[in-house]
Amino acid sequence: MILPPERLDRLLSRLGYCSRSEVRDWIRAGRVTAGESPVHPATLADPSEIRIDGEPLDHPGPLYLAYYKQAGTVCAQGDPRSIYHDFPERWSCRRPALSSVGRLDRDTSGILLLTDDGDWLHRWIHPRRQVPRQYRVQLAEPLVENAGDVLSSGDFYLEGERKPCMPAELRRLSGTEILLTLKEGRYHEVRRMMAALGNRVVALHREHFGPYGLDGLAPGEWRLLSPEETGKE
Ligand code: URA
């Protein structure tokens with residue numbers, strides 16, 4: 001991605017290197033260079049030319065990531081079990097902030113997208129998009145016979161809600177293991193659906209979110225999505 005020139009102090013602070021006021025000290029210390037040209041905090045810099053301690057800038061463009069969330073971690077920032085500990089520390093100072101595309105519960109594992117591109121994020125979570133989310137669910141008890149019909153009916157209500165769930169697709173892998181595909185993301189949706197059917201989720205893992213899967217990622221690992229995958233050239 002070709003990025004437009006940007007004031008050096010703004011660029012370095014939004015990428016989390018240092019505050020705008022510290023940029024002058026970094027330049028004085030010889031840490032910031034742009035080829036042969038002298039730099040100043042107000043220099044309109046081409047991000048691809050800037051070096052910090054001789055290294056190119058760390059992802060000066062927007063971030064688009066696929067991540068394997070582990071069970072036991074949380075999507076909130078500032079929690080000792082936060083997923084954000086799995087990303088470079090400097091990224092926690094980037095602006096705009098890196099955010100997850102929706103959330104998974106603490107006890108849920110699997111694919112989670114993250115980005116700092118707000119428009120891209122909203123495209124994926126907007127209810128109108130009806131992005132399919134596929135979950136592998138381990139249940140405490142064999143699932144009732146008519147579960148597939150009930151869940152796909154479009155007339156299935158979660159406790160305390162006035163709007164029916166969007167039709168969901170059920171595939172049985174065994175008596176107590178299913179694949180469930182939802183086209184919306186409500187709070188604790190799978191666990192509440194199974195509770196409404198008189199069952200209990202013992203393990204929940206998201207295998208796909210839209211076209212994205214884990215594709216060989218290990219728990220806690222992430223990878224950058226390519227421009228072909230994001231549609232962002
Ligand atoms: N449904 C749940 O119950 N939990 C999740 O994390 C995702 C979907």
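The values are calculated or read from the model by the stated rules, or taken from the named source; none is laboratory data. Keep in mind that what you see is a predicted model, and the values were worked out from it rather than measured. So basically every Cβ, Gly included, is an ideal-geometry build from the backbone, and we count neighbours across all protein chains shown.
Scanning the range 113-160 for residues that are surrounded by 11 or more Cβ atoms within 10 Å (Cβ to Cβ), within 14 Å of the ligand (Cβ to nearest atom) and under 18 Å from Met193 (Cα atoms) returns Pro132, Arg133, Gln134, Tyr135, Arg136, Val137, Gln138, Leu139, Leu151, Leu158.
Restricting Ala45, Ala29, Ala34, Ala71 to residues that are out of contact with any Lys or Arg (no Cβ under 6 Å at 6 or more places or on another chain) and exposed (fewer than 13 other Cβ atoms within 10 Å of the Cβ) narrows the list to Ala29. Scanning the range 210-225 for residues that are part of a loop (DSSP other than H, G, I, E, B) and of a type outside the set (D, E, K, R) yields Gly210, Pro211, Leu214, Gly216, Leu217, Ala218, Pro219, Gly220, Leu225. Take the range 28-54 and flag every residue that is under 30 Å from the mean Cα position of the chain (by Cα) and either at pLDDT below 95 or of a type in the set (Gly, Ala, Ser) (or both). If the condition is that a residue be under 30 Å from the mean Cα position of the chain (by Cα) and either at pLDDT below 95 or of a type in the set (Gly, Ala, Ser) (or both), then Ala45, Ser48 are the ones that fit. Of the strands (runs of 3 or more DSSP E) that lie entirely inside the range 110-184, those containing 3 or more residues that are touching a residue at least 60 places away in the same chain (Cβ under 8 Å) span 133-139. Determine if the range 175-187 includes at least one residue that is within 15 Å of the ligand (Cβ to nearest atom), within 19 Å of Asp105 (Cα to Cα), among the aromatic types (Phe, Trp, Tyr) and at pLDDT 95 or above. For the range 175-187, residues within 15 Å of the ligand (Cβ to nearest atom), within 19 Å of Asp105 (Cα to Cα), among the aromatic types (Phe, Trp, Tyr) and at pLDDT 95 or above: present.
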